[in-house]
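> Structure provided below as structure tokens; questions to follow.
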């Protein structure tokens with residue numbers, strides 16, 4: 001059974017149709033690339049899945065359950081987490097405290113659970129550890145997020161997303177605005193998450209950059225799905241090549 | 001016969017309500033105009049707007065009472081003082097805190113309370129009387145109307161029309177309009193946004209000075225008088241939409257009508273068994289309608305406020 | 001030292017000082033500090049909602065009014081005893097808070113603040129319209145006192161040996177009652193603000209989207225903060241009615257008090273609770289200090305220069321101070337001290 005299934009999703013802003021009757025699905029432990037030129041509606045799809053925007057039409061199923069009209073926090077707790085394109089963080093909290101938030105349960109009245117181990121684990125998995133004398137122990141970085149480079153902020157976002165124990169991880173342009181070295185680091189990180197069995201949807205406008213990472217690709221153009229398949233199939237697709245040229249080489 | 005008499009009474013009351021509400025709504029529109037403009041152009045909610053009106057009113061009263069100026073010079077002085085106050089408040093305070101809307105709110109509200117305190121200190125909390133331009137009253141059909149209110153009505157409409165002409169015809173007016181629509185765009189085409197803001201605050205102050213003068217001679221003159229105009233302005237902005245002159249006028253008439261309906265319609269005295277009573281409708285209900293409109297909108301359609309939720 | 005321990009230590013020191021100075025205070029100052037303690041409760045109640053989540057309320061005095069008038073009027077007209085009026089008043093404040101929070105939380109930032117400003121203004125209208133019951137702007141006397149004679153009489157024999165007369169005893173009773181209230185509220189709110197709930201409230205202030213993306217129901221936490229805040233402020237309001245033995249318009253519905261809560265919290269450091277408590281003392285104590293100074297005479301001229309004009313300037317000075325603080329020291333006293341402390345002792349480990 002597909003982990004996530006999107007059916008006939010439609011969303012328009014005023015006269016502009018941002019997503020037009022889009023259907024696709026994600027299998028467990030798969031990395032799906034959602035590719036398309038700028039303005040193809042990729043981020044809108046993420047916002048629709050996360051419940052930040054409400055679709056005009058269509059349904060979204062997660063593990064067979066309809067989540068179309070759920071609020072964001074409920075979707076997150078059901079097992080979908082999202083990494084924003086522009087880092088969303090708490091500027092006056094340390095990196096540790098930023099990551100800690102997702103280790104805190106949503107219930108107000110509940111038995112106290114120590115969020116520390118979970119937080120440290122998230123930091124460790126995303127490489128946000130400080131160097132310490134004891135090599136085996138990870139200590140989350142204590143500085144403010146403002147001190148981190150772009151790649152570090154991306155790691156911070158990933159750490160917070162992983163902290164919610166997601167079955168499905170949505171990555172919105174994870175390589176945008178990064179240096180070459182940082183792109184390599186983050187793609188290693190994504191590859192390692194894949195090897196741990198994490199299901200991921202990866203949005204990017206650059207097909208070449210994600211070819212090595214993804215198992216399957218859905219190509220969007222003006223809100224419509226124009227192709228779907230393995231990276232090789234999609235690269236050979238004449239329609240994609242055309243859109244590729246028209247989009248100025250996305 | 002008695003039925004006819006009752007009908008006649010009802011008609012007289014209805015006529016009075018219509019005439020009063022037409023008159024006072026113009027003043028309300030003028031009261032809200034400066035507030036709406038500052039909100040529309042700079043996205044700043046100026047909680048000191050009501051205090052501007054109060055400063056205008058007290059300036060005119062002071063010039064008349066203590067400096068023995070004639071009414072026209074006192075009125076002019078009030079407008080000038082309020083214009084300067086607008087510029088001073090913008091440059092001395094708002095400009096520096098504008099980036100944080102919350103700090104702007106606290107700061108402008110603190111200013112209003114400061115002004116209230118100053119007036120209490122110098123002029124006590126007593127209610128004062130501001131002489132009207134023209135005393136006496138006229139009969140319109142069967143309704144007696146105080147002449148000064150007709151003058152206030154005319155002056156309000158004149159000020160609104162002049163303002164409209166300025167915004168749509170004058171070069172600087174168009175610049176203000178452009179800035180209101182797109183601040184960054186205006187800056188990009190070489191408009192000095194700071195100058196535009198200074199101008200809007202000056203105009204807003206001047207309008208408040210005019211409105212304050214008439215508000216004081218119509219409603220009241222005391223150190224707490226700034227609250228009602230502020231609520232009225234806020235209600236008008238909420239109902240009429242962001243920075244829209246036409247919307248504001250329609251909203252002003254709606255709120256003015258409700259207000260008059262509540263205050264000038266016959267009141268009902270409701271009493272408990274122990275002879276404690278309260279009045280349903282009547283003079284103690286002044287200002288209630290704008291509050292009710294605001295609360296109703298809050299509960300029914302909070303996202304509809306200002307047409308956006310941010 | 002963790003942040004929580006540090007705050008409890010600071011709270012403890014403050015409370016101990018406030019308790020210890022009680023017997024040495026002249027009568028006038030005892031009353032002032034009693035009201036300062038009450039006001040500190042209001043300021044802390046404001047802080048747990050507005051200071052922590054960044055939803056600035058201009059109208060917290062509304063919750064004081066709801067609770068105070070409910071308790072006072074139930075006592076005046078239905079003769080309910082204190083143990084019934086206070087919980088009812090607090091419940092009404094919480095109910096009002098919940099009713100209001102649901103639509104209000106859909107509003108963001110300045111729009112929320114503006115709407116909160118309307119509440120006390122609307123309530124003031126209602127109180128004046130119902131003046132036959134509420135006493136309008138003058139208020140209504142005859143509410144059962146908090147420190148009843150029967151209680152005092154039993155203690156009087158005991159305390160007469162300590163040369164404490166009955167008026168003084170009455171003052172002591174009220175003073176320490178509010179001392180207990182302030183201590184309890186302080187401990188509860190410091191604990192809450194440094195718990196995981198406090199961490200979430202703080203995070204909401206910094207970035208709501210990120211909190212929601214971490215799987216946390218932001219609205220639920222805001223409503224919770226609303227309820228806690230309204231109950232704390234309401235508790236103070238209901239008890240103050242019984243101390244004043246009257247429902248006073250000026251103490252239950254003054255817009256000035258509403259803004260002074262913000263002043264107190266900004267002075268002490270927004271979202272720090274202990275800072276708000278200090279701010280409460282500084283505002284009320286400062287006002288009294290200005291009044292004291294107003295009775296002095298400067299040795300200038302033959303008659304001496306009377307400073308009595310200062311008395312009328314007290315409120316003015318506080319609002320002017322607020323403006324200055326908004327410009328130059330927005331972080332407030334407690335964070336300022338903590339910054340110094342950190343420089344001295346190295347990093348305080350948070351969490």
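Quick note: the coordinates plus some simple rules give every number you see, no bench work behind them. As the structure is a prediction and not an experimental result, all values here were calculated from the model. Cβ sites come from the backbone with ideal geometry, for glycine too, and all protein chains shown count toward neighbours.
> Can you give the extra length, in nm with one decimal, that the chain gains between residue C:312 and residue C:16 once fully stretched, where that is 0.36 nm per residue apart less the Cα-Cα distance?
Going from the current span to full extension adds 103.3 nm.
> Something else: Considering the Cα positions of the stretch A:86-164, please state its Rg to one decimal place and its Dmax as a whole number of Å.
According to the Cα coordinates of the stretch A:86-164, Rg and Dmax are 12.4, 38 Å.
> Same structure again: Compute the distance in nm between two label points, each set 7 Å from the Cα along the Cα-to-Cβ direction, one at residue A:150 and one at residue C:250.
Roughly 6.2 nm, to one decimal.
> Could you give the length gained by full extension between residue B:270 and residue B:124, i.e. 0.36 nm per residue of separation minus their alpha carbon distance, to one decimal place?
Using 0.36 nm per residue and subtracting the Cα-Cα distance, I get 49.1 nm.
> Using r as the Cβ-Cβ distance of residue A:130 and residue C:9, and R0 as 25 Å, what FRET efficiency do you calculate, to the nearest 0.05?
0.35
> I'd like the FRET efficiency for residue B:174 and residue B:88, computed as 1/(1 + (r/R0)^6) with the beta carbon distance as r and R0 of 25 Å, rounded to 0.05.
0.45
> Determine the percent antiparallel among the DSSP beta bridges restricted to the protein assembly as shown, to the nearest 5.
65 percent
> For the stretch A:1-139, what is the per residue volume of the convex hull drawn over the alpha-carbon atoms, in cubic angstrom?
Convex hull volume per residue, Cα atoms: 176 Å³.
> Of the candidates B:209, B:185, B:50, which one comes out as most mobile in a Gaussian network treatment of chain B with C-alpha springs shorter than 10 Å?
Maximum among the listed residues: B:185.
> Which shape class applies to chain C: rounded if a/c is under 1.5, otherwise prolate when a/b exceeds b/c and oblate if not, where a ≥ b ≥ c are the square roots of the Cα gyration tensor eigenvalues?
Rounded, since a/c falls under 1.5.
> Rounded to the nearest 500, what is the 222 nm mean residue ellipticity of the protein assembly as shown from helices alone, with -39500 (n - 2.57) per DSSP H run of 4+ residues and division by all residues?
So the calculated ellipticity at 222 nm is -20000 deg cm²/dmol.
> How big is chain B by Rg and Dmax over its Cα atoms, in Å?
Values for chain B (Cα only, Rg and Dmax): 20.4, 73 Å.
> If you don't mind, another one. Please figure out what share of the DSSP beta bridges in the stretch A:113-233 is antiparallel and state it in percent, rounded to the nearest 5.
60 percent
> Let me ask something else about it. Label the protein assembly as shown by shape, choosing from rounded, prolate and oblate, from the square roots a ≥ b ≥ c of the eigenvalues of the Cα gyration tensor; if a/c is under 1.5 it is rounded, and otherwise prolate applies when a/b is larger than b/c, oblate when it is not.
oblate
> May I pose another question? Ratio of alpha-carbon Rg to the 2.2 N^0.38 Å globular estimate for chain A, to two decimals, please.
That ratio works out to 1.03.
> Taking Cα centroids, how far is the stretch C:260-325 from the stretch B:81-98 in Å?
After rounding, the separation between the Cα centres reads 25 Å.
> Further question: Averaging sequence separations of C-alpha pairs under 8 Å and six or more residues apart, then dividing by the length of chain B, give the relative contact order as a whole percent.
32 percent
> Could you list A:187, B:25 so that the one with the fewest beta carbons within 10 Å of its beta carbon is first and the one with the most is last?
Ranking A:187, B:25 by Cβ neighbours within 10 Å, fewest first, gives A:187, B:25.
> Quick one: if the Förster radius is 35 Å, what FRET efficiency do residue B:150 and residue B:181 give, using the C-beta to C-beta distance and rounding to 0.05?
Efficiency computed from Cβ-Cβ geometry: 0.45.
> Here's something else I'd like to know. State whether the stretch B:179-310 is rounded, prolate or oblate according to the following rule on the C-alpha gyration tensor (a ≥ b ≥ c being the square roots of its eigenvalues): a/c under 1.5 gives rounded; otherwise a/b larger than b/c gives prolate, and the remaining case gives oblate.
prolate
> Would you calculate the separation in nanometres between label points at residue B:7 and residue B:224, each defined as 7 Å from the Cα along the Cα-to-beta-carbon direction?
It is 4.5 nm.
> Return C:53, B:147, A:110 ranked ascending by Cβ neighbour count within 10 Å, so the fewest neighbours appear first.
A:110, B:147, C:53
> Looking at chain A, what % of its DSSP beta bridges pair antiparallel, to the nearest 5?
55 percent
> Quick check: Cα centre of the stretch B:1-65 to Cα centre of the stretch C:29-58, how many Å?
37 Å
> Fewest first, what order do A:129, A:123, B:271, B:111 take by the number of other Cβ atoms within 10 Å?
B:271, A:129, B:111, A:123
> Please express the Cα-Cα pair-distance distribution P(r) of the stretch C:64-127 as a list of whole percents, one per 10 Å bin, running from 0 to the bin with the greatest distance.
21, 43, 26, 10, 1
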